[in-house]
Amino acid sequence: MSLNFGGAATDRMACGTDTSLENLDPVTIVGWIRPETQPSVITTIVWQKGVSFPNAQFVQLVGSSGRFGLLSQRSANSCAVTATYGNYAAWGTNKWLFFACQTDTTNVANCRSFVGDASTLAAQPSSYAVQQVGSGTVFNNAGAVAYMGNKSTFDVPFDGDIAFLGIWDRILSTGEINDQQFFPHKTSGCVYFNYPGFAGNGTQPDWSGNSANNGSVTGATVSTGAPIAMPFNM
């Protein structure tokens, strides 16, 4: 199963304020999504923890032609990774995509993103528009609600389905990312592990064990799951 976001501007899933999701640096965020449209200019948000500025960490689709990235804000320049337009071989709309995004304020080589699909292992883009550790005071998103499928201001919904999202408080290797793609599973450092839609549109459990991160759905509706093997496609 999955949850479909974008039917209304306020569609979202609130995932609490637990300390397990605060100020993650380094961080790896992976998931399965099916974008129905690609934004022409305005970013759409897959995941956000924090207020929009100046203390947010978020996964986003930006612009057109498959530009995808993760931004972890700092006071001067953000720690960020964003691909150049159209440079993921697997990218497409109205198809299931697996993504992984990573940032690390101490090592630019760990600022990476990957996209794959149901038949293609996730890979990095051919080039990055932004790949930097940034500078200045590291963001502080303590106490802010984490959201799936929208910004904290409830005005930039993700347009499509989200079927899985997992977060680790460390940098996963390329091999680990590929292992997660077709069989999502908890490993060391996993702080969030959610199958949106598994519980209908009711409370969405965080299977990492952090019950304070259980999700509360507003507006999003249950949809079909990603076309991969059990137990993911439940």
Open item on the list: For the stretch 109-122, give me each residue that is open to solvent by 50 Å² or more (accessible area, probe 1.4 Å) and part of a strand (DSSP E or B).
Closed with: THR120, LEU121
TODO: Grab the strands (runs of 3 or more DSSP E) fully contained in the stretch 1-88, keeping just those with 1 or more residues being under 20 Å from GLY136 (Cβ atoms) and modelled with pLDDT of 85 or more.
DONE: 27-35, 44-49, 57-62, 67-72, 79-83
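Test of understanding: among GLY166, GLY189, which residue is modelled with pLDDT of 95 or more and either hydroxyl-bearing (Ser, Thr, Tyr) or open to solvent by less than 10 Å² (accessible area, probe 1.4 Å) (or both)?
On the way: GLY189 fails: either hydroxyl-bearing (Ser, Thr, Tyr) or open to solvent by less than 10 Å² (accessible area, probe 1.4 Å) (or both).
Within the list GLY166, GLY189, the selection yields GLY166.
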Open item on the list: Can you say whether ASP179 is closer than 21 Å to THR44 by Cβ, among the acidic types (Asp, Glu), surrounded by fewer than 18 Cβ atoms within 10 Å (Cβ to Cβ) and over 14 Å from the mean Cα position of the chain (by Cα), as far as the supplied structure shows?
Closed with: no
TODO: Kindly provide the set of residues from the stretch 135-163 that are small (Gly, Ala, Ser), within 17 Å of GLY219 (Cβ to Cβ) and open to solvent by 10 Å² or more (accessible area, probe 1.4 Å), ordered by number.
DONE: SER152
- [ ] Working only within the stretch 186-206, note down all residues that are closer than 9 Å to GLY166 by Cβ and assigned to a loop (DSSP other than H, G, I, E, B).
- [x] LYS186
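Condition check ((1) under 21 Å from CYS79 (Cα atoms); (2) not hydrophobic (A, V, I, L, M, F, W, C)) across all residues:
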site	(1), (2)
VAL108	yes, no
LEU121	no, no
GLY134	yes, yes
THR137	yes, yes
ILE171	yes, no
GLN180	no, yes
SER211	no, yes
TODO: For residues that are open to solvent by less than 50 Å² (accessible area, probe 1.4 Å) and part of a loop (DSSP other than H, G, I, E, B), scanning just the stretch 123-134, find the one that is nearest to CYS111 (Cα to Cα).
DONE: VAL133
- [ ] Those residues that are hydroxyl-bearing (Ser, Thr, Tyr) and without any contact (Cβ under 8 Å) to a residue 24 or more places away in the chain, I need them from the stretch 187-232; list them, please.
- [x] THR187, SER188, THR203, SER211
Open item on the list: Which numbered condition in (1) part of a strand (DSSP E or B); (2) surrounded by fewer than 16 Cβ atoms within 10 Å (Cβ to Cβ) is the only one that ALA212 fails?
Closed with: (1)
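The values are calculated or read from the model by the stated rules, or taken from the named source; none is laboratory data. Note that the structure is a prediction, hence the values are computed from the model and not measured. Heads up, the Cβs are rebuilt from the backbone with ideal geometry, glycines too, and the neighbour counts pull from every protein chain shown. Keep in mind that these areas ignore ligands, DNA and RNA; they rest on the heavy atoms of the full protein, side chains included. Shrake-Rupley method; radii C 1.70, N 1.55, O 1.52, S 1.80 Å.
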